[in-house]
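Engineer: Pasting a structure below so you can have a look.
The values are calculated or read from the model by the stated rules, or taken from the named source; none is laboratory data. Predicted, not measured: the structure shown is a model, and the values here were computed from it. Please note: Cβ atoms are built from the backbone with ideal geometry, for glycine as well, and neighbour counts cover all protein chains shown. Heads up: the accessible areas ignore ligands, DNA and RNA and are worked out on the full protein's heavy atoms, side chains in. Shrake-Rupley method; radii C 1.70, N 1.55, O 1.52, S 1.80 Å.
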Amino acid sequence: MDSEHIISTFIEYFEERGHRRITGSTLLPPSDDSVLFTTSGMHPLTPYLEGRPHPLGQRLLNVQRCLRTTDLEEVGDATHLTVFQMLGTWSLGDYEGPLSLDWGYGLLTDGLGVDPGLLHATVFGGDDRTGPDTASLHMWQDRGVPVELTVNDNWWSNGTVGPCGPDSEIFFWSGSTPPESTPTRDDRWVEVWNHVTMRYRRLDDGSLVPLPQRNVDTGLGLERLASLLQGKSSVFECDVFDPWRRIVPALWPLDESSLRVVCDHLRSAIVVLADGVRPANTGRGYVLRRLLRRVLTVLWRDDPSRGLGDVPGELVAHTLTHFRQEADPDDLRRLLIEEERRFGRLLERGRRVLARSRFQGPLQDEDFRYLHDTHGLPRDLVTSLRQE
């Protein structure tokens, strides 16, 4: 089952249950949101989760592209990507969490053919503020799905203040043996779908007050689920990455870890560029710049002649199609090459500056500040150059 089939099955299943599809937004969140990028499908829906009526009703679904900077250092393992697609559903004051979980179980088992024996759930076990989520616990027990009770792992919040509430997560067994243990004790249990019951708003003092309506917000990671359904050992082996794994190794021979970083970061940079972000020294532009510089650092480590001009238009066009973006592939390739040249000039200047006697010994914080403020050399780049 390829990723497009998963998307269409998901949409059809929830449309049959009264959900209306909303258009997934760009990676750029609403102007009043403090985050740099959209990290989940709920970002554009925050006003409606807090009580404003949505023009399409109380049951919604979407396919949202997301970027998580918190996962940058984890990219390269079996489950993390920088940019990915999230399949989301919402109840805006309509149905409750157990019904959402029941439908989620139905989509996975009946709609997508997952063996129920490969599923495990976790449920909020209660703390000194709120009791356990017994309704979700009973739902899973009625379906015969094993359940693990946790506290911190099953309480969702959108930062230190704002909407929050208990959640129930669905895990898929990825091991080659029959399922064993529990999600908190064995990482072969891979989380695929989180169902949050947003009942509260956390205030500045940490106290909880009820929201005007009880919502349900769910998020299902497309690439992660696709890799599991396709029997692959990592997200980088699912069908979404087929052209990348066919083209990049022939272009640039890389070990598996480096291949994953290059494919992920370059693919992510294309998506970010297509959403209108340009390289810069701060904010979103700096995230984009970090992605491209890490790609180039890996490529040039073994062969300085490698360059982003080698990237075929096929990879750019495939990425734009997958994320349903409209942009000129040639324009994006030109921007990639411009940033590569800029980084090359910066490296040359950095090497000359760091060759000075002042910087031969251990560097202090004031040295890093000087190098950044006077020569435009970020701390991570200085550290990397000194390791050459």
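Engineer: Might you check whether a residue that is assigned to a helix (DSSP H, G or I), crowded, with 16+ Cβ neighbours inside 10 Å and modelled with pLDDT of 85 or more occurs anywhere in segment 371-380?
Structural biologist: Yes: one or more hits.
Engineer: Would you say residue 92 is modelled with pLDDT of 95 or more, open to solvent by less than 40 Å² (accessible area, probe 1.4 Å), in contact with a helix residue (DSSP H, G or I) (Cβ under 8 Å, 6 or more places away or on another chain) and of a type outside the set (Lys, Arg)?
Structural biologist: yes
Engineer: Restricting segment 136-152 to residues that are at pLDDT 95 or above and among the polar types (S, T, N, Q), which is most open to solvent (accessible area, probe 1.4 Å)?
Structural biologist: Of everything passing the filter in segment 136-152, 141 is most open to solvent (accessible area, probe 1.4 Å).
Engineer: Would you pick out the residues in segment 36-62 that are under 27 Å from residue 174 (Cα atoms) and within 13 Å of the chain's Cα centre (by Cα)?
Structural biologist: 39, 40, 41
Engineer: OK, next. So which residues in segment 239-255 are open to solvent by 20 Å² or more (accessible area, probe 1.4 Å) and either farther than 27 Å from residue 319 by Cα or assigned to a helix (DSSP H, G or I) (or both), if there are any at all?
Structural biologist: Selection gives 239, 242, 245, 246, 247, 249, 250, 251.
Engineer: For residue 297, state whether it is crowded, with 20+ Cβ neighbours inside 10 Å, assigned to a helix (DSSP H, G or I), among the β-branched types (Val, Ile, Thr) and out of contact with any Asp or Glu (no Cβ under 7 Å at 6 or more places or on another chain).
Structural biologist: no
Engineer: While we're on this one: Any idea which of (1) under 19 Å from the mean Cα position of the chain (by Cα); (2) at pLDDT 95 or above is the one residue 120 doesn't satisfy?
Structural biologist: (1)
Engineer: Filter segment 37-61 down to residues that are of a type in the set (S, T, N, Q) and either open to solvent by 40 Å² or more (accessible area, probe 1.4 Å) or modelled with pLDDT of 95 or more (or both), then give me how many there are.
Structural biologist: Residues flagged as of a type in the set (S, T, N, Q) and either open to solvent by 40 Å² or more (accessible area, probe 1.4 Å) or modelled with pLDDT of 95 or more (or both) within segment 37-61 amount to 2.
Engineer: Do we find a residue being modelled with pLDDT of 90 or more, in contact with a strand residue (DSSP E or B) (Cβ under 8 Å, 6 or more places away or on another chain) and either open to solvent by 60 Å² or more (accessible area, probe 1.4 Å) or part of a helix (DSSP H, G or I) (or both) anywhere in segment 270-282?
Structural biologist: yes
Engineer: Residue check: is residue 215 open to solvent by less than 50 Å² (accessible area, probe 1.4 Å), closer than 22 Å to residue 109 by Cβ, part of a strand (DSSP E or B) and not basic (Lys, Arg)?
Structural biologist: No; evaluated as a whole, the condition is false for this residue.
Engineer: Could you tell me which residue of segment 218-238 is surrounded by the most Cβ atoms within 10 Å (Cβ to Cβ), considering only residues that are outside any helix (DSSP H, G or I) and within 17 Å of the chain's Cα centre (by Cα)?
Structural biologist: This residue is 218.
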